[in-house]
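> Can you keep this structure in mind? I'll have questions shortly.
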Amino acid sequence: MTKPAADKALAVELVRGGMPQVDAAALVGVSHTSVQRWLDAAPAPEPAPATEYGGPGEVWITTPGIAALTTAAVLSRKSRVGKRALRVLCPAAGAGVYARAVLAFEPTAYIVAVEPRRSEIAGLRSFCGEVVHGAIAGPGADELAAAEGCKVYDPRSLSGFAFDLIIDNPPFTWLTGVRSGRSVIGAGRHLAFWPLLRRGGLLALLGPSSYGQATSHQPAMREWAPAYQLRVTGRPNFGADPTQTGMAEISMWVWSTTSPPEWRASQLPTHPDWLRQWAGPTPGTFPIPASIVDAVRDALRR
């Protein structure tokens, strides 16, 4: 489906669902400081199924090295128009490691971060353009929002805001869905972000390399095939022990408003093992170290 066709389909869906209508022309120059107010004015989404992958307190942390490597690889595929600062949405921001990674390579980027965990909000506000305390609708969102005292938002509520890049390590269930009996609920949830992109924009989400292989994923892959699958070498660790190797292979899945949806898979360059691990403060609570930025640039140049 082309970008115009997707936008038209979204408009029809918004009308049927009673979501606020947007005159895109009237929103030119609108500040992102109205994002929270805009979301709060929208109707609440339908409750989503509970997730079977851990409780509301479970956190999967991306290492600064992997965040920097995958972000730099995505930005290298981003066409630029003039010198305008990038508008970036991090819809599952956590402590902000992907927001930090964007700023490491695009210091002037304006970042809107959405995060349900109250403990992360003050830190995110220290370096993001705007922070929304809330959860994006999807499997497990309702239980997490209830635990954190925030609202659940449908990403379609942001259809009047145009982003150059949407990037993050979201709950993997946004891509894979949740199994309920013999059916899978919620697969392809990430595609609700598609109409939020400017022309030339990219939707880039970290997920399992096995995404797209299951029968339940095929409908979304046929209609919304990604432009790129950027496979990460090795198995990064997301768990509580930052010194251990992870259990799964991961990829950055990239959808483009301008590149053909050909699902071109490529292996990201080999990088030092230490880029796949982390130690010390939680990633996102500090800027990406210059040593990591330099190592990533060296890896991508090879």
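> Taking the range 273-302 only, how many residues are assigned to a loop (DSSP other than H, G, I, E, B), in contact (Cβ under 8 Å) with a residue 40 or more places away in the chain and under 25 Å from residue 208 (Cα atoms)? Walk me through how you get there before you give the answer.
So in the range 273-302, the residues assigned to a loop (DSSP other than H, G, I, E, B) come out as 277-289, 302.
Next, from what is left, pick out any that are in contact (Cβ under 8 Å) with a residue 40 or more places away in the chain: 277-278, 282-289.
Narrowing the set further to residues that are under 25 Å from residue 208 (Cα atoms) leaves 277-278, 282-285, 288.
So the count comes out to 7.
> Please specify each residue of the range 61-80 satisfying the condition of being of a type outside the set (Gly, Ala, Ser) and touching a Pro at 6+ places or on another chain (Cβ under 8 Å). It would help to see each step written out before you state the result.
To start, the set of residues in the range 61-80 that are of a type outside the set (Gly, Ala, Ser) comprises 61-64, 66, 69-71, 74-75, 77-78, 80.
Result: 61, 62, 63, 64, 66.
> Please work out if residue 231 is touching an Asp or Glu at 6+ places or on another chain (Cβ under 6 Å), closer than 27 Å to residue 296 by Cβ and modelled with pLDDT of 70 or more. I'd like the intermediate steps shown before the answer.
Values: touching an Asp or Glu at 6+ places or on another chain (Cβ under 6 Å): no; closer than 27 Å to residue 296 by Cβ: yes; modelled with pLDDT of 70 or more: yes.
For residue 231, the condition - touching an Asp or Glu at 6+ places or on another chain (Cβ under 6 Å), closer than 27 Å to residue 296 by Cβ and modelled with pLDDT of 70 or more - is not met.
> What is the residue count in the range 80-116 for residues that are within 16 Å of residue 281 (Cβ to Cβ) and in a loop (DSSP other than H, G, I, E, B)?
Matching residues across the range 80-116 total 3.
> Let me ask another. If the Cβ limit is 6 Å and pairs must be 6+ apart or interchain, which residue in the range 196-209 that is closer than 30 Å to residue 235 by Cβ and in contact (Cβ under 8 Å) with a residue 12 or more places away in the chain pairs with which residue that is part of a strand (DSSP E or B) and basic (Lys, Arg)?
Once the first residue is closer than 30 Å to residue 235 by Cβ and in contact (Cβ under 8 Å) with a residue 12 or more places away in the chain and sits in the range 196-209, its partners that are part of a strand (DSSP E or B) and basic (Lys, Arg) give 209/231.
> Same structure, new question: With respect to residue 77, determine if the residue is part of a helix (DSSP H, G or I), within 20 Å of residue 207 (Cα to Cα) and either at pLDDT below 90 or of a type in the set (D, E, K, R) (or both). Can you show your working first?
On the way: part of a helix (DSSP H, G or I): no; within 20 Å of residue 207 (Cα to Cα): yes; either at pLDDT below 90 or of a type in the set (D, E, K, R) (or both): yes.
So residue 77 does not fit the description; no.
The values are calculated or read from the model by the stated rules, or taken from the named source; none is laboratory data. Since this is a predicted model, take the numbers as computed values, not measurements. Glycine gets a Cβ as well: all are built from the backbone with ideal geometry, and neighbour counts include every protein chain shown.
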